[in-house]
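I have placed the structure first, in the form of C-alpha cells, so that the comments after it can refer back to it.
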C-alpha cells in the first residue's frame, strides 16, 4: 500500500474554518476598542492579526501569511507593547472612554456595507463585481509567483510600485530619526 | 495485525514527509516523537549545562542525585511541579497566566518544519524558513507580557530590554537568512526556495554547504546569524533580559513552580530551534560531513556506522563508570542503575547497526549531532564571555551586524549574478 494512496484529509479551506477565523477576528476587533487596559487591547489585536494570517493561508497565499506573522504580530506589535508598557495603566483605567468621531465612523461603516452589498449582488444579466476566480497554479508556488510578479524581467509588472513603496518607508525612517534627534 | 505491519512498512519505505503525503496518523506519530525527543533533549541539556559549566569552573557540579548527578534534572522537575505556585496580588492575572503558554507554544510550533532528514520532518512548507522566523519571533510577545503582567520593576525592565533586543537582532538575522535564500536560487531554473527541505537539497545539488559558498560571504552570513541567534534566545553574553546580577531573574522574577519551568522549557527548545535553522541553512542539514572529499560506497558505509559506534562508545563510558563506582552497599542501587543505563545505550547502538535502520536514521543522527555542537557552543559562551552592557548590545546590533548584513546581501547578489552582469556590460560596450 502506497502512503500517497491513503485517502487524504479534506482541505482546510472549509466554510467552518472561515467562520471560526472570522468570529475570532471580529471578537478580537471589538475587544481592541472596548478594553480600557491598553495591553489587553494590544493582545486582542495580536489575536486578530494571527487569525488574519490564517485567513491568508485559507486563500492559498502562504507567503503573505508568513509575512503577516513576521511583520505585524512579531515586529510591529512588539514595538506597540514596548510603548504601551511605559504608560501608567492605573490612570487610563480611571479615565472615561470617549468617541468623538462617530459621524465619520458611521460614514465609513455605511461605505463598507455598501461595498459588501455591491460585491455580493448579481445583476439580472448574471454579472458580478468580483467573478468567482480559481487558482491557476499549485499552492506551493505562491512565493515564486509573487517574486515573479515583483522582480521577473518578463512578468514583473509591480517592480516600480514596489521600489516606490520601499523608498517611502525609507523616507519615513529618516523622518523619524530627524524628528527624534535634535542634533545628528 | 498483518495489515498494520504492512501499513507501517509502507510508510517507512515512502519518500515523503507525512505532511506532504497528507497522512494524519504518521503526522501525529511524528509530532509525538518530536515532542518527546525535545523534552528529553531539554532534560539532557539541563544536566549537561550544569556539568560542563561546573567543569569549566573547576567544580564537580551535581553529584548527589544518581551517579554523577544523572537524575538531577528529574529531581529538579519534581521540585518545580511540587512548588507552590504564586501569583503576585497586584499582577494582571489573565495575562500573567497566558504569557508562559505563548512562549512555549511559539518555541514548540516551529519544529513542525524542522527537517531532521529528507523524509523526517512533520511537514515541509513552501514558506518553511519564513514560518520558523515568524513563529519564533512571537515568543518575545510572551516574554514582554510576562514582564508587564508581573507588575513589578525588575520584570518590567527585563521585558523592555528583551523587546528592544529581539527587534534589533531580528533585522540582522533576517538579512543573513535572505543571503542564503539567494544562494538557493543558483540552479538552471534560477528559482530559489524558502522550504527547509528545499534549502538542504539545494546544498546537496550544489555540492557545497552554504557556509563555504562564495568564500568568505557564506561564512560572514553564518557568523551574523550565529551572533544574532544567541541574542534572540536571551542567552549569555546577551542575557540582559534576565541578567541575574542586575535584575534578580529579569522577566520571570515573579514566576515560580510550573509556570517558571515552562519558561525554562521554552528557552531551551528555542535554542534548539534556532540552532537547527543555522544547521539547515549553512551546515547542510542532515547531510553527512565530507560528502565530496570522502565519497563512494565505502565511505558511505563507514559514515553510516558512526551513529551506532557513538552509542556504543557512550555505553562503554557508562560501564567504565560503573566499574569505578564505590563498592559500598549504599551505592549498590546507583551502580545497578548506571549499568542498566549503559546497557540501554548499548542496545540502541546495536539497533542502529541494522542496515534498514541505519540508512533511515543516519540523517537524524547527523542533524542532531550538528545541533548538539551548537548547544555545546551555547554553554561554552556562557562559561567564557562576560555580559554585554545594553548600549554595547545595541551598538553591536545596529552598527555592526546590520551594515555587515546589508553589505553581505548586496555582495552575494552581485557575485551570484556576476555572469549575467558581465554579459550586460559587454552588451552595452560592444557598439
Test for residue B:276: is it in a helix (DSSP H, G or I), surrounded by 18 or more Cβ atoms within 10 Å (Cβ to Cβ), in contact (Cβ under 8 Å) with a residue 40 or more places away in the chain and on the phi < 0 side of the Ramachandran plot
yes
Going through B:99, B:172 one at a time, which residue ends up being under 18 Å from residue B:240 (Cβ atoms) and modelled with pLDDT of 85 or more?
B:172
Could you say which residue among A:51, A:44, A:61 is surrounded by fewer than 22 Cβ atoms within 10 Å (Cβ to Cβ), over 16 Å from residue B:165 (Cα atoms), touching a residue at least 60 places away in the same chain (Cβ under 8 Å) and in the same structural domain as residue A:20 (by TED's automatic domain parsing)?
A:61
Checking residue A:124 against (1) part of a loop (DSSP other than H, G, I, E, B); (2) within 14 Å of chain B (Cβ to nearest Cβ); (3) at negative phi, only one condition comes out false. Which one?
(2)
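Tell me the helices (runs of 4 or more DSSP H) entirely within region B:1-60 that contain at least 2 residues that are touching a residue at least 40 places away in the same chain (Cβ under 8 Å) and in contact with a helix residue (DSSP H, G or I) (Cβ under 9 Å, 6 or more places away or on another chain).
The helices (runs of 4 or more DSSP H) meeting that bar are B:18-21, B:24-56.
Condition check ((1) assigned to a loop (DSSP other than H, G, I, E, B); (2) touching a helix residue (DSSP H, G or I) at 6+ places or on another chain (Cβ under 8 Å)) across all residues:
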| residue | (1), (2) |
| --- | --- |
| A:63 | no, yes |
| A:81 | no, yes |
| A:87 | yes, yes |
| A:93 | no, no |
| A:103 | no, no |
| A:109 | no, no |
| A:112 | no, no |
Based on what the data block shows, is residue B:312 touching a helix residue (DSSP H, G or I) at 6+ places or on another chain (Cβ under 8 Å) and either outside any helix (DSSP H, G or I) or closer than 30 Å to residue B:127 by Cβ (or both)?
no
So, residue A:119, is that one outside any loop (DSSP other than H, G, I, E, B), within 16 Å of residue A:59 (Cβ to Cβ) and modelled with pLDDT of 75 or more or not?
yes
Complete set of residues in region A:127-166 that are in a helix (DSSP H, G or I) and either at pLDDT below 70 or within 12 Å of chain B (Cβ to nearest Cβ) (or both)
A:139, A:140, A:141, A:142, A:143, A:144, A:145, A:146, A:147, A:148, A:151
Within region B:97-112, restricting to residues that are buried (at least 24 other Cβ atoms within 10 Å of the Cβ) and away from chain A (no Cβ under 12 Å), the one that is nearest to the chain's Cα centre (by Cα) is B:107
Do any helices (runs of 4 or more DSSP H) lying entirely in region B:131-225 carry at least 1 residues that are closer than 26 Å to residue B:420 by Cβ, more than 10 Å from chain A (Cβ to nearest Cβ) and out of contact with any strand residue (DSSP E or B) (no Cβ under 6 Å at 6 or more places or on another chain), and which ones are they?
B:153-184, B:196-205
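Inspect region B:78-93 for any residue being closer than 30 Å to residue B:320 by Cα and without any contact (Cβ under 8 Å) to a residue 60 or more places away in the chain and give the result as yes or no.
yes
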Taking residue A:33, is it more than 28 Å from residue A:142 (Cα to Cα), surrounded by fewer than 13 Cβ atoms within 10 Å (Cβ to Cβ) and touching a helix residue (DSSP H, G or I) at 6+ places or on another chain (Cβ under 7 Å)?
no
Does any residue of region A:84-103 turn out to be surrounded by fewer than 17 Cβ atoms within 10 Å (Cβ to Cβ), under 23 Å from the mean Cα position of the chain (by Cα) and either farther than 15 Å from residue A:41 by Cβ or within 10 Å of another protein chain (Cβ to nearest Cβ) (or both)?
no
When region B:203-225 is checked residue by residue, the ones that are buried (at least 17 other Cβ atoms within 10 Å of the Cβ) and within 21 Å of the chain's Cα centre (by Cα) are B:203, B:209, B:210, B:211, B:218, B:220, B:221, B:222, B:223, B:224, B:225
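The values are calculated or read from the model by the stated rules, or taken from the named source; none is laboratory data. Predicted, not measured: the structure shown is a model, and the values here were computed from it. Reconstructed Cβ throughout: ideal geometry from the backbone, glycine too, with neighbour counts over all protein chains shown.
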